[in-house]
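Beneath this line is the structure, given in structure tokens, with notes to follow.
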Amino acid sequence: MKNAKEKLILALDVPTFDEARIIVDALGDAVQIYKVGYQLFVAYGPFIVRYLEAQGKKVFLDLKFHDIPNTVANAVSSAVGLGVHPHDALDGDGKPMGKFTPLFMLTVHTQGGLDMMKAAADAANKRAQELKVPKPLLVGVTVLTSDAPSTETSRLVLERAQLAKAAGLDGVVSSVKEVAMLRRELGRDFILVTPGIRTADSDAGDQKRVETPAVAVKSGSSFLVVGRPIVKAKDPRSAALNILDEMAKV
Ligand code: C5P
């Protein structure tokens, strides 16, 4: 298994920049990848992304784009260029000041369909080439882990994941419960991102399809997204270290 730290993504679901900074400082080198969702991005925009990148962190922008193909392609294009233009200060030659760090990962919603996902993948490739930066990993959300399981869930997840692969996406987001099947059907290189991770002693909250870090790793998950079990812990750093330990033991 690759280093547990390279597989752990912290969902930075807090309302203010100050709270985000306290968590990031407390976690230190335990967490390398941060997921920025609606809560912080709507409040702070690209600033929060730049802040995390300045701390040497990788950023997963989870805005789950879902709209007509042209609109999603434009949003993806803007996301790939995040940190370059127009939000950065420009120097006298009109070039961005400071080091540019591309996003690590971003999400679109697979419910947008094949054409939308293809447009997203094309836009990501094109913009990354234009900017001469590595393309961020583009992953499709299949079925939310807060949706109660039904007899249709795994069929739906597989169908949407196959569509995502056909469209040229790098991977999908699913619950751990579908990971072994997706790994089998979609191959070892397809990226499988799994939220809904709960340690044996943590609250499920609104999540309905949860699994432990150990089961996630064993099942073949590429990245584990963990929010409240770390963010709401009395000691977030030791909560993160315990999860890393459980992952590493697999
Ligand atoms: O706090 P918790 O560990 O439940 O956080 C999970 C994170 O993963 C949240 O930010 C949520 O938006 C996100 N997510 C999810 N299910 C998906 C896709 C993303 O829970 N299918």
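The values are calculated or read from the model by the stated rules, or taken from the named source; none is laboratory data. The structure displayed is predicted, hence computed values, not measured ones. Cβ atoms come from the backbone with ideal geometry, glycine included; neighbour counts cover every protein chain shown. Quick note on the areas: whole protein, heavy atoms, side chains included, nothing else; ligands and nucleic acids left out. Shrake-Rupley method; radii C 1.70, N 1.55, O 1.52, S 1.80 Å.
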Non-local residues with an amide H under 5 Å from the amide H of Phe65, with H modelled 1.01 Å from N and Pro and chain starts lacking one, are Thr107, Val108, His109
Quick note, the range 1-63: a/c under 1.5 would make it rounded; otherwise a/b > b/c is prolate and the rest oblate (a ≥ b ≥ c, C-alpha gyration tensor); here it is prolate
With Asp29 itself left out, Lys, Arg at +1 and Asp, Glu at -1 over residues whose Cβ is under 12 Å from its Cβ give +2
Applying the gyration tensor rule to the Cα atoms of the chain (axes a ≥ b ≥ c; rounded if a/c under 1.5, else prolate if a/b exceeds b/c, else oblate), the class is oblate
If the label point sits 7 Å along Cα→Cβ of Ala214, residues of the range 226-250 with amide N under 15 Å come out as 242-250
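Can you give the accessible area per residue of the chain, in Å², using a 1.4 Å probe? List each step's numbers first, then the result.
Values: 11600 Å² over 250 residues.
It amounts to 46 Å² per residue over the chain.
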Taking 0.36 nm per residue of separation between Ala180 and Leu156 and subtracting their Cα-Cα distance, the length gained on full extension comes to 7.1 nm
For Arg198, other-chain or 5+-apart residues with amide H closer than 5 Å (H placed, Pro excluded) are Glu211, Thr212
Placing each pseudo-label 7 Å from Cα in the direction of the beta carbon, Leu241 and Ile22 end up separated by a distance in nanometres of 2.1 nm
Projecting the Cα atoms of Thr101, Ser77, Leu169 onto the charge dipole of the chain, where Lys and Arg contribute +1 and Asp and Glu -1 at Cβ, the residue farthest towards the positive end is Leu169
Sorted by chain and number, the residues with a modelled amide H under 5 Å from that of Lys35, at a separation of 5 or more or across chains, are Leu10, Ala11, Leu12, Phe60
For the range 104-166, listing GluC sites (Glu not before Pro) in a DSSP loop whose Cβ sees at most 12 other Cβ atoms within 10 Å gives Glu152
Looking only at aspartates and glutamates whose Cα falls under 20 Å of Lys177's and that sit 8 or more positions away or on another chain, we get Asp147, Glu152, Glu159, Glu185, Asp189, Asp201, Asp203, Asp206, Glu211, Glu246
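Which value, in debye to the nearest 20, gives the size of the charge dipole of the range 2-249 about its Cα centre, when Lys and Arg are +1 and Asp and Glu are -1 at the Cβ?
With only Lys, Arg, Asp and Glu charged at Cβ, the dipole is about 560 debye.
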Computed ³J(HN,Hα) along the range 9-26: with the Karplus parameters 6.51/-1.76/1.60, θ = phi - 60°, integer Hz and x for glycine or proline, the list is 10, 8, 7, 7, 8, 9, x, 10, 4, 4, 5, 4, 5, 4, 5, 4, 5, 5
Phi angles of the range 180-190, converted by Karplus (6.51 cos²θ - 1.76 cosθ + 1.60, θ = phi - 60°) into ³J(HN,Hα) in whole Hz with x for Gly and Pro, give 4, 5, 5, 4, 5, 7, 10, x, 7, 8, 6
What helix-only [θ] at 222 nm does the chain give? Using -39500 (n - 2.57) per DSSP H run of at least 4, over all residues, to the nearest 500, the answer is -12500 deg cm²/dmol
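First select every other residue whose beta carbon is under 9 angstrom from the beta carbon of Ala161; then total the charges, Lys and Arg +1, Asp and Glu -1. Before the final figure, lay out each step's value.
On the way: positive: Arg160, Lys165; negative: Glu159, Glu178, Glu185.
Counting the neighbours of Ala161, the net charge comes to -1.
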Set Lys35/Lys57; Lys58/Lys165; Lys57/Lys218; Lys35/Lys234, cut-off 18 Å on Cα-Cα distance; pairs above it are Lys58/Lys165; Lys57/Lys218; Lys35/Lys234
So for R0 = 51 Å, FRET eff. of Lys249-Leu114 from the Cβ-Cβ r, to 0.05, ends up at 0.80
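With +1 on each Lys and Arg Cβ and -1 on each Asp and Glu Cβ, how big is the dipole of the range 94-217 about its Cα centre, in debye rounded to the nearest 20? Don't skip to the answer; put the middle values down first.
Numbers: 17 positive and 14 negative charges, 113 e Å.
Rounded to the nearest 20 debye, it is 540 debye.
Once neighbouring chains are kept in place and the probe is 1.4 Å, which whole percent of the accessible area of the range 2-249 is contributed by carbon and sulfur? The partial results should precede the final answer.
Details: 5940 of 11410 Å².
Carbon with sulfur: 52 percent of the solvent-accessible area.
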